[in-house]
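Here the structure comes first, spelled out in structure tokens, and everything after it is commentary.
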Amino acid sequence: MECITKSNEKLEIMIDESCESPREWDNLTMIVTVKNNHHDIGDIQVRDSDEIRELLEDKKAKFAMPLYVYEHSGISLKCFEDKTMVGYPYNDQWDAGCIGMVFTTEALLKEAGLFNSTKKEIIECMKTEIETYSQWCNGECYGFRLSEWSKCDKCNQLEDKEIDSCFGYYGYDHDKNGLYDAVLENSKVFKTYKDIEELLS
């Protein structure tokens with residue numbers, strides 16, 4: 001947890017241990033993995049790569065990319081479309097490897113309102129979903145509590161009154177995930193990202 005104060009306000013940024021898995025949302029993608037590799041990562045587990053190919057055909061996959069994992073003091077997931085790439089995107093043959101596929105279908109594209117989007121736009125949306133899921137798998141989920149200090153007129157003790165709090169922010173980059181914006185919206189003393197980051201550093 002990180003805690004900073006400015007004037008009469010205190011900002012606490014903490015890990016959100018009960019953050020919902022993004023795979024519970026309405027996703028553009030489906031993730032299929034081989035059971036023997038990584039327990040419960042993904043939406044569907046199959047026995048081998050042959051079953052993955054059969055599933056992609058059965059589901060009529062429109063776009064598909066290999067899913068790679070890097071596991072070393074945490075988990076990182078990544079997918080890419082470039083078929084000319086050889087080896088692991090993490091450049092580590094011991095702690096990384098391909099564990100399955102990420103794909104989408106025409107039905108999922110229609111549900112997401114992306115049916116008329118370009119291939120590049122769809123691929124980027126797919127990668128973004130995997131990035132968010134990777135952050136959740138690695139415990140990169142955060143929340144904040146913003147409070148105001150005041151002195152009690154009767155007992156002269158300092159009181160801590162909550163101004164705002166919110167959880168469910170994915171990723172370390174708080175100016176990108178929206179956490180800073182939520183703080184600035186309700187704070188009287190934190191006015192810019194710089195106000196927060198200078199005190200955190």
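Kirkwood-type hydrodynamic radius, the chain: 19.5 Å, calculated from all non-identical alpha-carbon pairs.
Summarising the amide proton neighbourhood of Lys62: residues at separation of 5 or more, or on other chains, whose placed amide H is nearer than 5 Å comprise Thr104, Thr105, Glu106.
First measure r as the distance between the Cβ atoms of Ser201 and His72, then evaluate 1/(1 + (r/R0)^6) with R0 = 35 Å and state the FRET efficiency to the nearest 0.05. According to the calculation, E is roughly 0.85. For the stretch 22-137, go through all pairs of different Cα atoms, get the mean of 1/r, take its inverse, and jot down that Kirkwood value in Å. The answer is 14.5 Å.
Straight Cα distances below 28 angstrom link Lys188 to the lysines Lys6, Lys10, Lys151, Lys154, Lys161, Lys176, with same-chain residues fewer than 8 positions distant left out. In this structure the amide hydrogen of Cys166, modeled in the peptide plane, comes within under 5 Å of the amide hydrogens of Phe144, none closer than 5 places in sequence on its chain. What the phi angles of the stretch 108-115 give under the Karplus curve with 6.51, -1.76 and 1.60, with θ = phi - 60°, is a coupling list of 5, 5, 5, 4, 7, x, 10, 4 Hz, glycine and proline written as x.
For the peptides 185-194, 151-160, 8-17, 100-109, the ranking by packing is 100-109, 8-17, 185-194, 151-160, with the highest mean count of neighbouring Cβ atoms within 10 Å listed first. Among the lysines of the stretch 22-137, pairs at least eight places apart or on separate chains and with Cα atoms under 21 Å apart come to 26. Net charge dipole, the chain: roughly 340 debye, given to the nearest 20, about the Cα centre with Cβ charges of +1 for Lys and Arg and -1 for Asp and Glu.
Where a number appears in this text, it was derived from the coordinates with a stated rule and is not lab data. Only a predicted model underlies this, so the values are computations on that prediction, with no experimental measurement involved. As a convention, Cβ positions derive from the backbone with ideal geometry for all residues, glycine included, and neighbour counts pool all protein chains shown.
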